[in-house]
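Readers should treat all values here as calculations from the given coordinates under stated rules, not as data from a laboratory. Just so it is clear, the model here is predicted, and its values are computed rather than measured. We place every Cβ from the backbone using ideal geometry, glycine too, and count neighbours over all the protein chains shown.
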Amino acid sequence: MSTALFSGPGTVFVLGAGVDVPFGLPTMTGLVGELARFAAGEGRPIHDALRKHARGMRFSLEKHTGDEGERFAEGLLSTRSHLLAPIQSALDKHPDPNSEVIKAVTRVVAGLASINKSNQLDAETVKALAQVGGEEGLGTDADTLLDTRGISLSAAPRQAMRRIFQGMIRDVPGLTEDEKTALGEMVAAVSNFEEMLGDFFSGFFTKSVANQKKYFYLSWLFWAFIRHRAAEGKVNRPSSLYPVLSEITNGDSIITFNYTDFFCDQTRPTDGYFHGDVGSYIRLDTREYLANDDVVKQAETVAAMAAFIQGLDTDFDAQRVHIPGIVPPLAVKPVICTEYLNRWYHCGEKIRDAKNIVIVGYSFNLVDEHFNDLVRKNHGARIVLVNPQASAVEESICRALAFDRTGLNGVTIEGLRCRKGRNMTFVSAKAEELTADIITALLRV
């Protein structure tokens with residue numbers, strides 16, 4: 001097969017976090033817990049080095065790991081149901097109760113409280129059910145009708161609650177300590193890693209040193225974690241998508257949301273690292289982009305990375321702060337340095353001119369609306385989306401791309417279950433299941 005079958009402006013490959021799963025790198029869901037374990041375990045020297053720079057920082061990853069993000073509804077209907085009452089009373093104190101947004105969030109919280117109440121079974125009912133089921137010895141404590149494990153909040157109410165509750169802690173007068181605590185726990189729990197990064201990065205615009213320190217700590221810890229996992233996972237490259245890409249394209253046709261470098265030489269992206277990488281860093285007070293630091297290149301162990309971080313020239317009061325070359329995932333991209341403006345411009349051109357866009361392991365997160373808009377505005381491109389949970393993300397992706405999903409029909413292509421309609425094809429598959437022949441078939445059907 002030709003070594004550049006889909007090179008050039010015709011076809012663009014977009015890689016998301018799912019492509020790096022074979023290397024032991026997690027997707028964003030559950031990442032906070034992974035980072036907390038890394039900081040407390042083998043990454044402890046990184047944690048200690050960062051804490052020496054960010055003295056006085058009040059932040060603990062452990063508080064964010066219990067029922068984070070999408071899984072938090074599970075806690076609200078079981079172990080954290082006690083938060084619902086103080087949150088409801090806090091909402092009653094909002095100075096603008098007739099706001100449509102406040103009324104909407106109030107209805108969501110009331111709905112959760114109603115579900116929680118309806119889900120409880122009294123002791124007599126539990127005893128009677130136990131007798132019928134032959135389990136009388138299990139006691140007569142109240143139990144629940146439904147097992148709440150795995151229940152999740154959908155993205156819209158989760159993000160709305162996070163933003164509203166953040167503002168209430170700051171702006172609503174007369175809140176009790178219990179109400180403030182409940183709101184704070186909710187904000188922490190429904191904030192996934194990407195949202196935390198975005199929230200804390202705002203400190204560089206608002207001059208909030210507290211948030212700057214949190215971003216400094218969290219981003220460098222993430223930087224070290226990714227580098228550490230990537231070094232351990234490189235042995236898995238032969239069974240990943242990366243060698244397949246080297247058969248059919250080159251770096252000019254690749255855009256990646258990942259920070260890793262598992263690429264074969266000819267497929268390493270040219271201006272294609274959309275959210276940055278872990279090989280560069282930025283000095284914020286001068287906007288200097290540092291991409292060729294030999295110390296960073298050679299920092300392959302935890303000890304070496306900790307030594308590099310320890311040696312950073314940091315002064316938060318003077319705003320002399322270095323951060324990794326990782327772009328916080330905000331819907332509106334912050335202008336960190338001109339190098340990123342150029343990168344986003346070139347990525348935009350690639351998407352605009354593409355005849356085919358193959359998207360693997362990326363689910364069009366709301367925080368990536370900048371990129372989503374680029375794809376949405378290419379009305380003529382054939383789009384192939386590969387995701388092992390394609391059916392679960394189909395509706396949200398079609399909404400993000402303004403695509404009418406009623407025209408999708410089930411088909412089988414090269415043995416893979418697909419849903420196809422007009423210029424859109426959803427493929428239920430893992431990235432590592434793809435071959436050059438499969439990709440060719442997907443683009444020719």
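Results, tabulated for the structure shown:
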| item | result |
| --- | --- |
| Amide hydrogen neighbours beyond the local backbone of Ile413, cut-off 5 Å, H modeled | Cys418 |
| Residues with amide H under 5 Å from that of Ser280, placed H, sequence gap 5 or more | Gly325 |
| Amide proton proximity set for Ala429, modelled H, under 5 Å, gap of 5+ | Asn387, Ala390 |
| Mean Cα-pair separation over length for the stretch 254-377, i.e. relative contact order, pairs under 8 Å, 6 or more apart, % | 25 |
| Cut-off 10 Å between beta-carbons: net charge of the residues surrounding Phe200, Lys and Arg +1, Asp and Glu -1 | 0 |
| ³J(HN,Hα), Karplus 6.51/-1.76/1.60, whole Hz, each residue of the stretch 239-244, x for Gly, Pro | 9, 9, 6, 4, x, 4 |
| Relative contact order (percent, whole number), the chain, Cα cutoff 8 Å, 6+ residue spacing | 21 |
| Derived scalar couplings ³J(HN,Hα) [the stretch 199-207; Karplus, 6.51 cos²θ - 1.76 cosθ + 1.60; whole Hz; x for Gly, Pro] | 4, 6, 4, 4, x, 6, 9, 8, 6 |
| Burial order of peptide ranges 104-115, 311-322 (average beta-carbon count within 10 Å, highest first) | 104-115, 311-322 |
| Note, ³J(HN,Hα) from phi for the stretch 385-398, Karplus 6.51, -1.76, 1.60, rounded to Hz, x at Gly and Pro | 10, 10, 7, x, 10, 4, 5, 6, 9, 4, 4, 5, 5, 4 |
| Radius of gyration and Dmax over the Cα atoms of the stretch 224-296, both given in Å | 13.6, 42 |
| Reference-scaled alpha-carbon Rg (2.2 N^0.38 Å with N residues) for the stretch 287-349 | 1.34 |
| Ranked by how many other beta carbons lie within 10 Å on average, peptides 38-46, 204-212 from highest | 38-46, 204-212 |
| Rg(Cα) / (2.2 N^0.38 Å) computed for the chain, rounded to two decimals | 1.08 |
| Order by protection proxy (mean Cβ within 10 Å, highest first), peptides 354-364, 373-383 | 354-364, 373-383 |
| Within the chain, percent of DSSP bridges classed antiparallel, to nearest 5 | 50 |
| Virtual spin-label span in nm between Arg287 and Arg444, 7 Å along Cα→Cβ | 4.8 |
| Computed E for Arg163/Thr270 - FRET, C-beta separation, R0 30 angstrom, nearest 0.05 | 0.25 |
| Calculated FRET efficiency for the pair Arg58/Asn236, C-beta based, R₀ 30 Å, to 0.05 | 0.20 |
